[in-house]
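The values are calculated or read from the model by the stated rules, or taken from the named source; none is laboratory data. It should be emphasised that the depicted structure is a prediction, and the values quoted were computed from it without experimental measurement. Note: ideal-geometry Cβ built from the backbone for every residue, glycine included; neighbour counts use all protein chains shown. Calculation scope for accessible area: heavy atoms of the full protein, side chains included, ligands and nucleic acids excluded. Shrake-Rupley method; radii C 1.70, N 1.55, O 1.52, S 1.80 Å.
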Amino acid sequence: PNHAVLIVGWDDSMCSGAGAWIVKNSWGTSWGAAGYFYIRYGSASIGMDSSVLTAYKAYDATETILYYDEWGWWSSLGYGDEDDYGMVAFTPSGVPPEGDLLRAVDFWAVYTPFTYTIEIYGTFSGGALSNLLAGPFTGTKAEAGYYSYPLPAPLTVYTGNTIYIKIRFQTPGYDWPIPFDDSGPMETDKCYVSDLGTVWEAVDLGSYGMG
């Protein structure tokens with residue numbers, strides 16, 4: 001497959017009662033049926049490995065999003081044991097003197113079944129995390145994709161005080177559980193991976209320097 005299309009509906013009466021998806025192509029209204037086509041259920045793997053929007057969050061003009069992931073989930077990393085860790089450092093700026101509230105942690109799930117454990121630390125020194133600020137929070141997801149985990153209690157953060165968000169990714173049956181943007185701009189000493197959650201490698205070094 002080398003072309004993406006958008007499933008917009010279905011008609012169970014099409015194809016002599018076998019049913020068909022209604023699909024929008026991207027080649028303009030002069031193509032197909034005014035830019036659309038029907039394809040029988042199950043033909044050409046249609047509908048398999050689809051990307052589906054299952055929920056959305058309304059825009060909030062007062063919200064600040066801390067992120068480095070410009071391109072999304074493009075690749076996956078791991079140590080061959082289906083159980084690995086990712087960690088990202090964020091340093092808030094422009095926060096009022098009384099602090100601001102961290103309300104959620106977002107992440108990608110690259111495989112299912114998928115179990116995650118989130119911890120937030122205040123110190124990363126000598127290659128070790130310490131000063132646990134929040135967590136652990138654990139959950140399981142039934143589908144791969146993008147998720148936002150609302151913290152049970154918001155965490156107060158301050159300008160210049162770096163926080164370290166650590167996530168354990170467990171994907172039985174899949175050896176590369178850590179989501180990774182290997183195509184967007186590469187940060188320095190911000191994003192890390194670990195086999196056991198104790199010794200960390202920055203993804204901008206060595207064989208991970210792909211951004």
Problem set entry | Euclidean distance between Cα centres, segment 174-206 to segment 61-115, Å | 12 Å
Exercise. Modelled label-to-label distance, Ala142 and Asp182, 7 Å Cα→beta-carbon offset: nm?
Worked result: 3.2 nm
Seminar exercise, completed: In the list (i) 54; (ii) 51; (iii) 65, the entry giving percent of Cα pairs over 24 Å apart computed from the coordinates is (i)
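If you roll a 1.4 Å probe over segment 44-147 with all protein chains in place, what percent of the accessible area is carbon or sulfur?
Details: 3500 of 6600 Å².
For segment 44-147, the apolar C and S fraction of the accessible surface comes to 53 percent.
Rounded if a/c is under 1.5, else prolate if a/b is larger than b/c, else oblate: which is segment 55-149, with a ≥ b ≥ c the root eigenvalues of its Cα gyration tensor? Let's see the in-between values first.
Numbers: a/c = 1.85, a/b = 1.23, b/c = 1.51.
Verdict is oblate for segment 55-149.
Let me spell out the model: positive unit charges on the Cβ of Lys and Arg, negative unit charges on the Cβ of Asp and Glu, origin at the Cα centre of the chain. What dipole size does that give, in debye rounded to 20?
Values: 8 positive and 24 negative charges, 115 e Å.
In total the dipole reaches around 560 debye.
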Problem set entry | Top positive-direction residue, dipole computed over the chain with Cβ charges, set Phe37, Pro113, Ala61 | Phe37
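What size of dipole, in debye to the nearest 20, comes out for segment 121-211 about its Cα centre when the only charges are +1 on Lys and Arg C-beta atoms and -1 on Asp and Glu C-beta atoms? It would help to have the intermediate numbers written out before the result.
Details: 4 positive and 9 negative charges, 81 e Å.
Computed about the Cα centre, the dipole is about 380 debye.
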